[in-house]
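J.: Structure incoming, see below.
The values are calculated or read from the model by the stated rules, or taken from the named source; none is laboratory data. This structure is a prediction, so every number in the text was calculated from the model and none was measured. Note: ideal-geometry Cβ built from the backbone for every residue, glycine included; neighbour counts use all protein chains shown. Each accessible area value is taken on the protein alone, full model and side chains, heavy atoms only, with ligands, DNA and RNA left out. Shrake-Rupley method; radii C 1.70, N 1.55, O 1.52, S 1.80 Å.
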Amino acid sequence: MKEQGGYSMKHMIFALSASMIIGFYVAQFISNMIISESIPSHSIQEQKRNNNFSLRTCTNPHSVPDHPVDNSIVADQLKKEVRILCWIMTNPNNHKNKSRHIKRTWGKRCNILLFMSSEYDDELPTVKLDVEEGRVNLWRKVKEAFKYVYKHHYNDADWFYKADDDTYAIMENLRYMLYPYHPMTPVHFGCKFKAYVKQGFMAGGPGYVLSKEALRRLVVEGIPNNKLCRNETNEFEDVEIGRCLEKLNVIAGDSRDWNGRGRMFPFIPEQHLLPDKNMSYWYWSVIFYQTDEGLDCCSDNAISFHYIDPKMMYAFEYLIYQLRPYGIVREPHRLPAKLNVGEFLPPPIEEVADSNEDSVDDDDRLMKTSTSRSAVIEPNSSEVNIRKLGN
């Protein structure tokens, strides 16, 4: 009996322990089921991704993934339908200081990313062009770069975007702007200035994008013909390509959004949101379209800004692709209808913005006084000459 009693006592203790363990896990399972009913189904996966994100961020501070729970179906589809080759104008001194930070940030969203330099760099890597560095050779460098792109990648993309190594571009918004246009339409887009070229030329800093047909005309018909595209060395690469494309009947497109706000900008955001209101400043005399200040300066779908240092590029990555106000979900605009070859969208309708900030019908542009803010930046070569023109 003692043996039986001892055995029964051990058996009871074992059964009680097993019951408690089973009960604990059953309670946990029921609790998780109740919680999951009130939280979106992706929350558990989101937590795992956030944990992975923390590990990646701590291991490599330059590894900045896109937001882990974004719905990128539309952006992914646009990347397939609007293929963009990006090539970056750089030089050996800027490979590590600037260019590699483009590769780690916005450049990874291009369909193809190339870096054009005079020296080979395996880290980027670069395309080594047989052109000496220096401003006086910028036009020749641009021509050689586009010739390389045409020879090696003409059929790999529909649009060809040139940018400087201090440019930051939001590729999703560039694809959205280009989406309705047929790549065989001879057109190019950028931040349009009205000096030097009748139809306007695109500022080199924020970058300009050529359609497939525009690239073909430039390389096949323009560059070999000195009467269409000058062979001489010239520092005004953006002016020269504007002149050349105009002679080739390549249209200087309108990159503004549907209510007339700019999308490609020659300065950092601050200088457009809080600009110098002195109307004698060169920018106001050469900008092609009437523009505004404050929150109404810039499209919600802005594409590019210039004079962005590497630290600011990572700040942009966080602010654009990571930061989210909780509870606000922005639905994407409906994609516009596709256009036929040679067709263009109608001009935007300028209207008062919903922001109640500065708007297109105010009198900001009439102000003659200014509280100028100093900004130490190295202007593009064409900007130097335009400043003289504006003054």
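J.: Name the single residue, out of those in region 253-277 being basic (Lys, Arg) and more than 24 Å from Val341 (Cα to Cα), that is least open to solvent (accessible area, probe 1.4 Å). Please lay out each step first, then the result.
T.: Taking region 253-277 and keeping what is basic (Lys, Arg), we get 256, 261, 263, 277.
Going one step further and asking which of them are more than 24 Å from Val341 (Cα to Cα), we end up with 261, 277.
Values: Arg261: 31, Lys277: 58 Å².
Out of the qualifying residues, it is Arg261.
J.: Just give me the residues in region 291-307 being in a loop (DSSP other than H, G, I, E, B) and more than 14 Å from Cys191 (Cβ to Cβ), in sequence order.
T.: From region 291-307, those in a loop (DSSP other than H, G, I, E, B) are 291-293, 299-303, 306-307; that's our starting set.
Asp292, Glu293, Asp300, Asn301 - these are the residues of region 291-307 that are in a loop (DSSP other than H, G, I, E, B) and more than 14 Å from Cys191 (Cβ to Cβ).
J.: Of the numbered conditions (1) open to solvent by less than 40 Å² (accessible area, probe 1.4 Å); (2) touching a residue at least 24 places away in the same chain (Cβ under 8 Å), Glu133 satisfies every one except a single condition; which is it?
T.: With respect to (1) open to solvent by less than 40 Å² (accessible area, probe 1.4 Å); (2) touching a residue at least 24 places away in the same chain (Cβ under 8 Å), Glu133 is out only on (1).
J.: Further question: Within region 278-300, which residues are among the hydrophobic types (A, V, I, L, M, F, W, C), over 25 Å from Arg175 (Cα atoms), surrounded by fewer than 17 Cβ atoms within 10 Å (Cβ to Cβ) and touching a Leu at 6+ places or on another chain (Cβ under 9 Å)? Reasoning before the result, please.
T.: So the first thing to find is which residues in region 278-300 are among the hydrophobic types (A, V, I, L, M, F, W, C), and the list is 279, 282, 284, 286-288, 295, 297-298.
Add one more test, that the residue is over 25 Å from Arg175 (Cα atoms), and what stays is 279, 282, 284, 286.
Within this subset, residues satisfying the condition of being surrounded by fewer than 17 Cβ atoms within 10 Å (Cβ to Cβ) are 279, 284.
Listed by number, the list holds a single entry, Met279.
J.: Return the residue satisfying two criteria in turn: it lies in region 158-175 and is more than 11 Å from the chain's Cα centre (by Cα) and not basic (Lys, Arg), and of such residues it is surrounded by the most Cβ atoms within 10 Å (Cβ to Cβ).
T.: Step one: of region 158-175, the residues more than 11 Å from the chain's Cα centre (by Cα) are 158-160, 162, 164-166.
Adding the requirement that they be not basic (Lys, Arg) leaves 158-160, 164-166.
On the way: Asp158: 20, Trp159: 24, Phe160: 28, Asp164: 20, Asp165: 22, Asp166: 26.
My answer is Phe160.
J.: Continuing with this model, one more query. Would you pick out the residues in region 314-335 that are over 15 Å from Glu270 (Cβ atoms), in contact with a helix residue (DSSP H, G or I) (Cβ under 8 Å, 6 or more places away or on another chain) and of a type in the set (A, V, I, L, M, F, W, C)?
T.: Of everything in region 314-335, just one residue is over 15 Å from Glu270 (Cβ atoms), in contact with a helix residue (DSSP H, G or I) (Cβ under 8 Å, 6 or more places away or on another chain) and of a type in the set (A, V, I, L, M, F, W, C), namely Leu335.
J.: Considering only region 277-291, state which residues are more than 17 Å from Phe193 (Cβ to Cβ) and not polar (S, T, N, Q). Lay out the reasoning, then the answer.
T.: To start, the set of residues in region 277-291 that are more than 17 Å from Phe193 (Cβ to Cβ) comprises 277-278.
Hit for region 277-291 is Lys277, nothing else.
J.: Separate question: Can you tell me which residue among Val341, Val376 is of a type in the set (Val, Ile, Thr), modelled with pLDDT under 90 and open to solvent by 80 Å² or more (accessible area, probe 1.4 Å)? Spell out how you get there, then give the answer.
T.: Working: Val341 fails: modelled with pLDDT under 90.
Every option except Val376 fails the conditions.
J.: Now, a different point. Given (1) among the β-branched types (Val, Ile, Thr); (2) open to solvent by 20 Å² or more (accessible area, probe 1.4 Å); (3) free of Cβ contacts under 8 Å to residues at least 40 places away in the same chain, identify the lone condition not met by Thr126.
T.: Among (1) among the β-branched types (Val, Ile, Thr); (2) open to solvent by 20 Å² or more (accessible area, probe 1.4 Å); (3) free of Cβ contacts under 8 Å to residues at least 40 places away in the same chain, the lone unmet condition for Thr126 is (2).
J.: Given the condition open to solvent by less than 10 Å² (accessible area, probe 1.4 Å), within 18 Å of Ile88 (Cα to Cα), out of contact with any His (no Cβ under 8 Å at 6 or more places or on another chain) and touching a residue at least 24 places away in the same chain (Cβ under 8 Å), answer yes or no: does some residue in region 221-236 qualify?
T.: First pass over region 221-236, keeping only residues open to solvent by less than 10 Å² (accessible area, probe 1.4 Å): 222, 229.
Right, trim to within 18 Å of Ile88 (Cα to Cα) and you get none.
Within region 221-236 (the criterion being open to solvent by less than 10 Å² (accessible area, probe 1.4 Å), within 18 Å of Ile88 (Cα to Cα), out of contact with any His (no Cβ under 8 Å at 6 or more places or on another chain) and touching a residue at least 24 places away in the same chain (Cβ under 8 Å)), the answer is no, since none of the residues qualifies.
J.: Can you name every residue in region 258-281 that is part of a loop (DSSP other than H, G, I, E, B) and either acidic (Asp, Glu) or free of Cβ contacts under 8 Å to residues at least 24 places away in the same chain (or both)?
T.: Within region 258-281, the subset part of a loop (DSSP other than H, G, I, E, B) is 258-261, 263, 265-268, 274-281.
Once the filter is applied, which keeps residues that are part of a loop (DSSP other than H, G, I, E, B) and either acidic (Asp, Glu) or free of Cβ contacts under 8 Å to residues at least 24 places away in the same chain (or both), region 258-281 yields Pro275, Asp276.
J.: Could I ask something else about it? Scan region 66-116 for residues that are open to solvent by less than 50 Å² (accessible area, probe 1.4 Å) and assigned to a helix (DSSP H, G or I) and jot them down.
T.: Ala75, Leu78, Pro92, Asn94, His95, Ser99, His101, Ile102, Trp106, Gly107, Arg109, listed by residue number.
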